[in-house]
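Novice: Before I ask anything, here is the structure I am working with.
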Amino acid sequence: MTPEGASPELLPEKVRRGVWSRLSDQFGFRQLVTDYLIPVESNSVWYLLGGVLAIALGLEILTGMLLSLVYIPDAAKAYGITQHLIATGGWSIVINFHFYNSFLIFGLVMIHMVRVFITGGYRRGKEGLWLIGVGLAALVFVISLTGEALHWDEVGFGVPWNVAEVLNAVGLAGAFNYTSDALLAIPTATEKLVQIYILHVSIVPIALGLFIGWHYLLIRFKGISVPFWLRTSGRKAGFSEHIRGWLIWGGIIIGIVLLIAIFVPRDAGTAPQILATSPLYGTGDDPGGLGFKPTYPISWTRGMNIVAANLGIDPDIWGTMIGMLVLLGTLLVIPFVDRGAREPDSRASAFDWRKRGWAFVAMSIFWIVLLIGLIQNALTAEG
């Protein structure tokens, strides 16, 4: 039996639409996505990259969850596990994607930050959006740093070693039993590796999820900015169109990363010096001092340490510490030194030095410090 006047072949489709409509309404998807209207101009690629970043972060967490099923944060076993995963069929794709995708995430964070800065997306009471974005960038740095450690080659071993140097520089190494000498013992190294593992697989991902949700809600409440280089038409489209753009560009960009993960081989690196099988066993020296370079997202830290050493600053870890404070400080002050009242509506207003001069100075300092670190690290010999 079918309702009077209803076509039997159309009824299942109507039922499906009714179920989806009800679920969409009950869980707020309709209000958050379908009914949320944004300017059609914001569907340009420069605005869609923020969504691609969110997808990349989601996939990073997903592949990390898969790797957590087989990874053991044991200082005596972690390197061997990583070595085995890289050499094993499907697992090599998972771990390589996780590795290369972190590079993409760092690059997208930088691009998204510059786009928001140029378009003044933090104006008109949207300073909180920028500050949450800075928090997201900081969390991405932390998850890159902790992920580097979990690889547990000599470069990864350099992460807890540098943490020990930071604590020693501020007089807290003894209080936390976090000294370079203590790290040379497997039990202590395992204890610190477990702490890093917890940060990487639970605390930081949870914080990232909360910040991403907060960031989206603020955009939802305060409105999305329109790029000044596109003529405003006044037309609006549902946010679902924006999400469709995320998926298209995400499929292209992340698809390239997947191909790299499949076809570009890499090795597990040099075993950490605390393992008897390592060619560095017994050296007891800073991995950075031995010439081992961190990977791209955090490589500027070693460069800043070299700069500090060249300036006679001892210990050279102050280079990283000062660099972090400068990078964070410059980003935090930008929305408060920018004197513009609203988003720029032209190239002239976007580069108005009378109103935005100090904001450009702050952003320039950020990039100068970052590039000095990256270049200095690139120019030094590798272990």
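The values are calculated or read from the model by the stated rules, or taken from the named source; none is laboratory data. All values derive from a computational prediction rather than experimental measurement. Every residue, glycine as well, gets a Cβ built from its backbone with ideal geometry; the counts of neighbours run over all protein chains shown.
Novice: Working only within segment 332-361, note down all residues that are out of contact with any Asp or Glu (no Cβ under 7 Å at 6 or more places or on another chain), within 14 Å of Ser225 (Cβ to Cβ) and in a helix (DSSP H, G or I).
Specialist: Passing the criteria: Ser349, Ala350.
Novice: Right, another one. Identify all residues within segment 333-354 that are of a type outside the set (Val, Ile, Thr) and surrounded by 15 or more Cβ atoms within 10 Å (Cβ to Cβ); write none if there are none. Can you show your working first?
Specialist: Taking segment 333-354 first, the residues of a type outside the set (Val, Ile, Thr) are 335-336, 338-354.
Passing the criteria: Pro335, Asp338, Gly340, Glu343, Pro344, Ser349, Ala350, Asp352.
Novice: Shifting gears a bit: Is there any pair with a first residue in segment 125-145 that is in contact (Cβ under 8 Å) with a residue 12 or more places away in the chain and a second that is outside any helix (DSSP H, G or I) whose Cβ atoms are under 7 Å apart and which are 6 or more apart or on different chains, and what are they?
Specialist: Note: pairs meeting the criteria are Leu129/Gly121; Leu129/Tyr122; Trp130/Tyr122.
Novice: Something else about it: Suppose we filter Ile55, Ile61, Ile86 for residues that are touching a Ser or Thr at 6+ places or on another chain (Cβ under 6 Å) and touching a residue at least 60 places away in the same chain (Cβ under 8 Å); which single one remains? Talk me through it step by step, then tell me what you get.
Specialist: Numbers: Ile55 fails: touching a Ser or Thr at 6+ places or on another chain (Cβ under 6 Å); Ile61 fails: touching a Ser or Thr at 6+ places or on another chain (Cβ under 6 Å).
Of the residues listed, the single one that is touching a Ser or Thr at 6+ places or on another chain (Cβ under 6 Å) and touching a residue at least 60 places away in the same chain (Cβ under 8 Å) is Ile86.
Novice: On to the next question. Just one of (1) more than 30 Å from Pro265 (Cα to Cα); (2) touching a helix residue (DSSP H, G or I) at 6+ places or on another chain (Cβ under 6 Å); (3) assigned to a helix (DSSP H, G or I) trips up Val114, so point out which.
Specialist: (2)
Novice: Looking at segment 266-319, which of the residues that are in contact (Cβ under 8 Å) with a residue 60 or more places away in the chain and of a type in the set (Val, Ile, Thr) is surrounded by the most Cβ atoms within 10 Å (Cβ to Cβ)?
Specialist: If we take residues in segment 266-319 being in contact (Cβ under 8 Å) with a residue 60 or more places away in the chain and of a type in the set (Val, Ile, Thr), then Ile317 is surrounded by the most Cβ atoms within 10 Å (Cβ to Cβ).
Novice: When segment 355-383 is examined, which residues are found to be loosely packed, with under 13 Cβ neighbours inside 10 Å and touching a Lys or Arg at 6+ places or on another chain (Cβ under 6 Å)?
Specialist: Result: Glu382, single match.
Novice: Of all the residues that make up segment 286-318, how many are under 22 Å from Ile143 (Cβ atoms) and assigned to a helix (DSSP H, G or I)?
Specialist: Here is the first cut: in segment 286-318, the ones under 22 Å from Ile143 (Cβ atoms) are 287-288, 292-305, 317.
Then keep just the ones that are assigned to a helix (DSSP H, G or I); that gives 296-305.
Looking only at that region, the number is 10.
Novice: Considering each residue of segment 118-132, count those that are under 17 Å from Pro227 (Cα atoms), in contact with a Leu (Cβ under 9 Å, 6 or more places away or on another chain) and assigned to a helix (DSSP H, G or I), and give that number.
Specialist: Keep residues of segment 118-132 that are under 17 Å from Pro227 (Cα atoms), which gives 118-124, 126, 129-130.
Imposing the further condition that a residue be in contact with a Leu (Cβ under 9 Å, 6 or more places away or on another chain) reduces the set to 121-122, 126, 129-130.
Restricting the remaining residues to those that are assigned to a helix (DSSP H, G or I) gives 129-130.
Qualifying residue count for the region: 2.
Novice: On to the next question. Applying the selection to segment 110-150, what residues are surrounded by fewer than 22 Cβ atoms within 10 Å (Cβ to Cβ) and at positive phi?
Specialist: Passing the criteria: Arg124, Gly125.
Novice: Among the listed residues Ile262, Ile252, identify the single one that is under 30 Å from Ile93 (Cβ atoms), without any contact (Cβ under 8 Å) to a residue 12 or more places away in the chain and loosely packed, with under 15 Cβ neighbours inside 10 Å.
Specialist: Details: Ile262 fails: without any contact (Cβ under 8 Å) to a residue 12 or more places away in the chain.
Result of the check over Ile262, Ile252: Ile252.
Novice: Across segment 181-213, which residue is surrounded by the most Cβ atoms within 10 Å (Cβ to Cβ) among those that are within 28 Å of the chain's Cα centre (by Cα) and small (Gly, Ala, Ser)?
Specialist: First, pick out the residues of segment 181-213 that are within 28 Å of the chain's Cα centre (by Cα): 183, 189-213.
Retained after the next criterion (residues that are small (Gly, Ala, Ser)): 189, 202, 207, 209, 213.
Details: Ala189: 23, Ser202: 11, Ala207: 17, Gly209: 13, Gly213: 10.
The selected residue is Ala189.
Novice: Would you mind listing the helices (runs of 4 or more DSSP H) fully within segment 1-108 where at least 2 residues are at pLDDT 75 or above and of a type in the set (Val, Ile, Thr)?
Specialist: Values: elements: 11-26, 45-68, 78-86.
Qualifying helices (runs of 4 or more DSSP H): 45-68, 78-86.
Novice: Looking at segment 38-65, which of its residues are crowded, with 18+ Cβ neighbours inside 10 Å and among the aromatic types (Phe, Trp, Tyr)?
Specialist: Hit for segment 38-65 is Tyr47, nothing else.
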